[in-house]
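A.B. asks: Dumping the structure here so I can ask a few things about it.
The values are calculated or read from the model by the stated rules, or taken from the named source; none is laboratory data. Quantities reported herein were computed from a predicted structural model and do not represent experimental measurements. Here the Cβ is made from the backbone with ideal geometry for all residues, glycine too, and neighbour counts use every protein chain on show. The area values use the complete protein model at the heavy-atom level, side chains included, leaving out ligands, DNA and RNA. Shrake-Rupley method; radii C 1.70, N 1.55, O 1.52, S 1.80 Å.
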Amino acid sequence: LVVATPLLSQQEPPKILDAPRLRTILKSGAVTLIERLPLTETCSVQLWVTGRECAETVDTHGRRHLLEHLVAKGKMGDLDIRLETRGMYLTAQTSRDSMKFEITCAPKDLPYATRAIREILEPIETTPEAIAKEAKIIEQELALRGPAMALSALAWTQGYGNAGLDSLGSISVIGATTPDDLKALQAKQFDRRSLALVITGPVELAEASI
């Protein structure tokens with residue numbers, strides 16, 4: 001019995017699998033990282049903003065936290081609501097080292113999520129009234145922090161002095177912040193060299209990097 005063996009040249013070539021991730025450094029200095037997670041059902045779009053160039057002092061303690069609150073609202077002040085009406089969710093937080101904005105969405109909504117991130121990056125337009133309103137919200141955050149967070153903040157301050165200021169801030173400083181203060185801070189904080197955009201989920205690298 002003779003079994004015919006197809007020539008190697010006639011065999012279908014092995015499928016080339018898509019790379020699991022793609023890291024790109026843009027001309028502006030910003031970094032993008034796209035990671036393909038085919039077994040997940042949702043996408044995560046994260047904007048990371050380093051704080052290394054905007055270390056807080058006693059005189060500016062809390063301005064970064066205030067800036068995070070206000071830019072997360074978007075140009076019309078309702079970005080979170082617009083996202084939620086599409087089944088998408090926005091979270092934001094400020095630490096000593098960075099700010100993080102994250103949008104969770106379905107794969108089909110990835111373009112909308114990336115547009116929302118661009119909106120967060122646009123120059124801030126705010127008013128003293130908006131700052132005062134947000135200061136009250138941050139004051140409530142401070143009042144609600146648990147013993148563990150309070151103890152951690154105290155330990156950092158005792159260990160590092162003014163270099164260890166907690167990321168929540170001082171209500172007196174936040175309340176005295178002006179729109180011009182925030183514009184100047186945003187220009188420095190959101191310098192393109194300080195930005196990293198991370199996209200993960202069941203995405204194709206080529207499509208997500210457009």
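A.B. asks: Can you pull out the residues in region 138-150 that are without any contact (Cβ under 8 Å) to a residue 24 or more places away in the chain and surrounded by 11 or more Cβ atoms within 10 Å (Cβ to Cβ)?
C.D. replies: Hits for region 138-150 are ARG145, MET149, ALA150.
A.B. asks: May I pose another question? Considering region 169-206 alone, what residues qualify as being aliphatic (A, V, I, L, M) and in contact with a strand residue (DSSP E or B) (Cβ under 8 Å, 6 or more places away or on another chain)?
C.D. replies: LEU195, ALA196, LEU197, VAL198, ILE199, VAL203, LEU205
A.B. asks: While we're here: Could you grab the pairs with beta carbons closer than 6 Å, sequence gap of 6+ or different chains, first residue in region 77-106 and in contact (Cβ under 8 Å) with a residue 24 or more places away in the chain and more than 26 Å from GLY169 (Cβ to Cβ), second one among the aliphatic types (A, V, I, L, M) and in a loop (DSSP other than H, G, I, E, B)?
C.D. replies: CYS105/MET88
A.B. asks: Looking at GLU125, GLU102 in this structure, which one is open to solvent by 70 Å² or more (accessible area, probe 1.4 Å), of a type in the set (Asp, Glu) and under 25 Å from ARG192 (Cβ atoms)?
C.D. replies: GLU125
A.B. asks: Would you pick out the residues in region 24-64 that are hydrophobic (A, V, I, L, M, F, W, C) and open to solvent by less than 30 Å² (accessible area, probe 1.4 Å)?
C.D. replies: Across region 24-64, the qualifying residues are ALA30, ILE34, CYS43, VAL45, LEU47, VAL49, CYS54.
A.B. asks: Any idea which of GLY169, GLY164 is in contact with a helix residue (DSSP H, G or I) (Cβ under 6 Å, 6 or more places away or on another chain), closer than 26 Å to LEU70 by Cβ and either modelled with pLDDT of 90 or more or surrounded by 20 or more Cβ atoms within 10 Å (Cβ to Cβ) (or both)?
C.D. replies: None of the other options fit; the residue is GLY169.
A.B. asks: Here is a follow-up. Taking into account only those residues within region 166-207 that are among the hydrophobic types (A, V, I, L, M, F, W, C) and part of a strand (DSSP E or B), which is farthest from the chain's Cα centre (by Cα)?
C.D. replies: ILE199
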